[in-house]
Structures are given as C-alpha cells and as structure tokens.
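Okay, so here's the structure we're looking at.
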Amino acid sequence: MFPRLPASIRLPVLLLLGVLAACAPPRPHFVQGDLVGSLVWQGEVRLQGDVVLSPDARLQILPGTEVIFLPAGNQDRWVDHPHFPGSELIVRGTLLAEGTPEAPIVFRFVDSQAPAGSWGGINLTESPAARFRYCRFTQADSALHSWQSTVSVADSLFEHNLVALRFNSSDIHAERNLLRRNGTAIRFHFGAPRIAHNEIRDNDRGLFITSHPSDYLIEENNFSGNRVANVVLGEEVPDDVMLPRNWWGSSDPQVIVEGFFDGRRVDYLGRIRFEPALLQPADYGGNVWNQ
C-alpha cells in the first residue's frame, strides 16, 4: 500500500489535480450509424462512415462545434450518386447548424492538410428543413449536397472542396456566402434556387447549371477570377438562362461573355443573358470572420 500523505500535502495535490482536470480539453464525441430522436452536438464531434439522421430526427449543432470526418474504412455504406465516396452525414430529418461570427461551426476532414474530396459531404435527402449559418465547409467531395430538400445557407465559407454547393430539385436559399478556391462553387440540376449576395471567386468554375433550370433567382452576386468559366451550361440546357444584375469582374460586355461557356461556344446550348449587369461589385454583406 502507498503511504498516506499528510494533510498539508494532500490538499495542494487535490487542488492541482482539480485544476488539471478543468484545463483538460473535452474528449471528442464519436458518431457512427443511424441517429434518432432529438440530438445536440457541441465541442468536437468525429464521424466515421455514412452517418444517417433519420427522417423523424432533429439535430442541432451549437456554435463553435467542429464536425470532423474520419476515413470511412468499411463504414462507407453508399458511394454511388447521390452519395459520394468517404464519410458522409446523410440528413433525412431536420438539421440546424447555426454558429456565430465569433464561434462558427466547422465541417472538415481529420487531417487539416488533406486535399479536397477527402470526405463525402453533408447530404440532404428529402430533408424537410435544414439551416446553416456561420459555417465553414472544407475538403469535401460535395460539401453541401441537397436532393429534394428545403435548405438555407447564409454567411458561410466554402473553400477547398471539389464542389461547394450542389443540389437537385431543391428549394434552396444561399445568401451572403463566400465560395472560393473550390473546383466548382455551385452546381445544380433542376431546383428552385434563390442565390443572392454571394462572393464566388477564384474557383475553377463559378456556376455550373447542368439541366433545365426553372423558378430560379440568381442576382447581385460577385463572380470573378473563376479560371475555367464564371458560368458553364451543361448539355441539357438548350434555353437561354437569365442572370441579370450580377458583377462579372468587369464592366466590358466582351470580357464578360468570355467568362461564359454557353451557346456562344456550342450552338446547341442556350445563352447567358446577363444584362443589365452590375457596373461594380455588389456589397455582398459577408462578415469579417470569413474573409
């Protein structure tokens, strides 16, 4: 047996142990499989494989939370479209992820130096409601993907993803976001999006419309420095696309159209109708935290 310490020593030792325990970082919370009920995440949450929020479940992610995606291993249950290789958060229920400028919510891969495509994405699948505000998305295949869902994303930062914001047949509002240094910033197929007051710059492609857009409003965004094109129309976009009241990095119409891959290059595509264009960058309303 160990000798009993004198009282004069025991008290300082106990106080020191208490201080050390209070200073120790909280342990990360590990998540796998299917999620049900009403859930709250905070601190550091680590996901492995395809984690599914069930249709009747509700998840709230508190400000300052880091959601970290691990290599999927043998937990990658779905990889074919509309899913993606790597760990995913598949949302069939309600998700509220609302940070603050001082404490944004971060979605990233476990290795902060890993390339884009290191995890699958947040995959909204017939979600009745999903809200994201003051969030940072990085290193994903398709960071925020929505299929037949209702979603809003605002005041958030997307960078170093293969695709930042991707959706199909969804009611989506995207406002005051910064999308930079991605492969494609925004890609959509059908859907009824409102995309306004966003900064979309320094990606390979700014906006990629793949098929038959309708009921869309895309205006007062700043497009600049997107290397392949500011806007690309896919093979199933035979009609003209109306994109007035955006800034295209220049006020010169000839320079502006050089940033489009549309019917001006391939005759079976529609054309981007961009006039009237903004004559200077819009004040997109981004916050200091995501500059």
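Odds and ends about this structure:
- Computed over the chain: relative contact order in percent, which uses C-alpha pairs under 8 Å that are six or more apart: 10 percent
- Between 0 and 90 degrees, the angle of helix 7-23 with respect to the longest Cα principal axis of the chain falls at about 10 degrees.
- Working note: Karplus 6.51/-1.76/1.60 with θ = phi - 60° gives region 109-115 the couplings 7, 5, 8, 5, 9, 6, x Hz, where Gly and Pro are set to x.
- Relative contact order [Cα under 8 Å, 6+ residues apart], region 176-286, whole percent: 25 percent
- Couplings for region 264-279, taken from phi via the Karplus curve 6.51 cos²θ - 1.76 cosθ + 1.60 with θ = phi - 60°, read 6, 10, 10, 5, 8, 9, x, 10, 6, 9, 9, 8, x, 8, 5, 8 Hz in order; Gly and Pro are left as x.
- Sum of -39500 (n - 2.57) over DSSP H runs of 4+, divided by residues of the chain (222 nm, nearest 500): -2500 deg cm²/dmol
- Cα centroid separation, region 80-101 to region 226-282 (Å): 31 Å
- Alpha-carbon Rg/Rh ratio, for the chain, with Rh computed the Kirkwood way: 1.11
- Coupling constants for region 164-181 follow from the phi torsions by the Karplus curve (6.51 cos²θ - 1.76 cosθ + 1.60, θ = phi - 60°), and in residue order they are 7, 10, 9, 8, 9, 6, 10, 9, 10, 10, 10, 9, 6, 9, 10, 10, 9, 6 Hz; glycine and proline get x.
- Share of Cα-Cα pairs in region 27-125 lying beyond 15 Å, as whole percent: 59 percent
- Choice from Ala140, Ala114, Ala130 showing the highest fluctuation, given a GNM over the chain with Cα pairs closer than 10 Å: Ala114
- Considered as an equivalent ellipsoid built on the Cα gyration tensor, region 176-286 has semi-axes of 19, 15, 14 Å, the largest given first.
Readers should treat all values here as calculations from the given coordinates under stated rules, not as data from a laboratory. Computed from a predicted model, the values in this text were never measured in an experiment.
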